[in-house]
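The block underneath contains the structure these notes are about, expressed in structure tokens.
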Amino acid sequence: MGTANQTAVSEFLLLGLTDDPALQPLLFCLFLSIYLVTVLGNLVIMLAISSDARLHTPMYFFLCSLSFTDICFGTTTIPKMLVNLQTQDRSITYPGCLTQACVVLLFAGLENCLLAAMAYDRYVAICQPLSYTLVMNPRLCVQLLLLSLCVSLANALLLSLTALRLAFCTHLEIPLFFCELAQVIKLACSDPFVNNLLVYVAACVFGGVPLAGIIFSYTQIVSLVWRMPSARGRHKAFSTCGAHLSVVSLFYGTGLGVYISSAVTDSPGKSAVASVMYSVVPQMVNPFVYSLRNEDMKAALRSLTQRRPALL
């Protein structure tokens, strides 16, 4: 029966946040606004960095890459949700679901690695300032970006392609607004032990190593900064890390919140709301964090806005 059902699988159902028809227009407007803010906010960050020569540094190179990743992450999930809300059709094809799950893993992993690369950049800038330009050269920055992309792609393909071996029965409802691999595996009626094992191993390796790098970098930074005799020097050092620390806290905080909520509740509605917190909110908020907590970005944005009227 598992084999027969597997060959018959053609689509999954994305339950989303609610099945109340009266709330569908409100959700459509809400997520359309979130998507537009995400895209426009991150595009402005990328435009400000590219147009200001003072921001052509390793930190802002990684920030520009992070903004592009956030746009791609949001584009992977939100437009499909908007189409489903508009057409009142919650289905997604089997290939489309696995593709979406793979791309979500790719950009989530890439964001994770980029945050680690940015933490390493701050570590070198504060703990080894005399060798900063030598260590964080353009070649190394490009290599770190390519390494992050390759590692994230390998992880996403490994986990997604192994899901092809699963057989599915009749209950094909995913209690989220997008296809998450862990939720897809839960629907399998064949033995998912290998898939679950790979997910846990990948989470520990591909997620744990960048996080360990971030923790190590900031442990060294804090240890050095607290030994500075000047309060002004300590404030200046911490201010260069404030925006990045806020983004790291938001990214890992929402991810941890989703993990805890999924462990303590079986409610589909709560799972869907929790998924929004890590798949939508960080990508929308990141541009505001960097524009409000970073003086160089504020100056670049002011220069950009003043330049536009002059060009017109």
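The values are calculated or read from the model by the stated rules, or taken from the named source; none is laboratory data. Keep in mind that what you see is a predicted model, and the values were worked out from it rather than measured. Note: ideal-geometry Cβ built from the backbone for every residue, glycine included; neighbour counts use all protein chains shown. With ligands, DNA and RNA removed, areas are computed over all heavy atoms of the protein, side chains included. Shrake-Rupley method; radii C 1.70, N 1.55, O 1.52, S 1.80 Å.
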Between a residue in segment 103-129 that is open to solvent by less than 30 Å² (accessible area, probe 1.4 Å) and any residue that is of a type in the set (D, E, K, R) and not in a helix (DSSP H, G or I), which pairs come within a Cβ distance under 8 Å, given they are 6 or more apart or on different chains? Val104/Glu180
Could you check segment 130-150 and list, in sequence order, the residues that are under 30 Å from Ser279 (Cβ atoms) and either among the basic types (Lys, Arg) or surrounded by 23 or more Cβ atoms within 10 Å (Cβ to Cβ) (or both)? Ser148
Near pairs, Cβ below 8 angstrom, 6+ apart or cross-chain, from segment 132-151 (closer than 14 Å to Phe62 by Cβ) to any residue that is in a helix (DSSP H, G or I) and among the charged types (D, E, K, R): Met136/Asp121
Residue check: is Asn42 polar (S, T, N, Q), assigned to a helix (DSSP H, G or I) and either under 18 Å from Phe288 (Cα atoms) or in contact with a Cys (Cβ under 7 Å, 6 or more places away or on another chain) (or both)? yes
In segment 249-266, is there at least one residue being outside any helix (DSSP H, G or I), touching a helix residue (DSSP H, G or I) at 6+ places or on another chain (Cβ under 9 Å) and either small (Gly, Ala, Ser) or at pLDDT below 80 (or both)? yes
If Leu166 meets every condition in (1) modelled with pLDDT of 90 or more; (2) open to solvent by 60 Å² or more (accessible area, probe 1.4 Å) apart from one, which number is that one? (2)
Show the residue pairs meeting these rules: Cβ distance below 7 Å; 6+ apart or different chains; first residue within segment 11-32 and more than 16 Å from Val280 (Cβ to Cβ) and in a helix (DSSP H, G or I); second residue of a type in the set (A, V, I, L, M, F, W, C) and at pLDDT 90 or above. Gln24/Leu85
All helices (runs of 4 or more DSSP H) inside segment 126-196 with 3 or more residues being more than 26 Å from the chain's Cα centre (by Cα): 132-135
Take the residues of segment 61-87 that are free of Cβ contacts under 8 Å to residues at least 60 places away in the same chain and open to solvent by less than 20 Å² (accessible area, probe 1.4 Å): which is farthest from the chain's Cα centre (by Cα)? Leu82
Considering only residues that are more than 15 Å from Val285 (Cβ to Cβ) and either surrounded by fewer than 21 Cβ atoms within 10 Å (Cβ to Cβ) or of a type in the set (Lys, Arg) (or both), which ones fall in segment 33-54? Leu43, Met46, Leu47, Ser50, Ser51, Asp52, Ala53, Arg54
Do the conditions hold for Thr18, that is, is it surrounded by fewer than 18 Cβ atoms within 10 Å (Cβ to Cβ), under 30 Å from Leu166 (Cα atoms) and in contact with a Ser or Thr (Cβ under 7 Å, 6 or more places away or on another chain)? no
Candidates Gln86, Gln6, filtered to the one that is at pLDDT below 90, in a helix (DSSP H, G or I) and not hydrophobic (A, V, I, L, M, F, W, C): Gln6
Can you find a residue in segment 97-110 that is part of a helix (DSSP H, G or I), among the hydroxyl-bearing types (Ser, Thr, Tyr) and modelled with pLDDT under 95? no
Kindly indicate which of Phe178, Phe193 is buried (at least 20 other Cβ atoms within 10 Å of the Cβ) and at pLDDT 90 or above. Phe178
Residues in segment 212-239 that are under 28 Å from the mean Cα position of the chain (by Cα) and buried (at least 17 other Cβ atoms within 10 Å of the Cβ): how many? 6
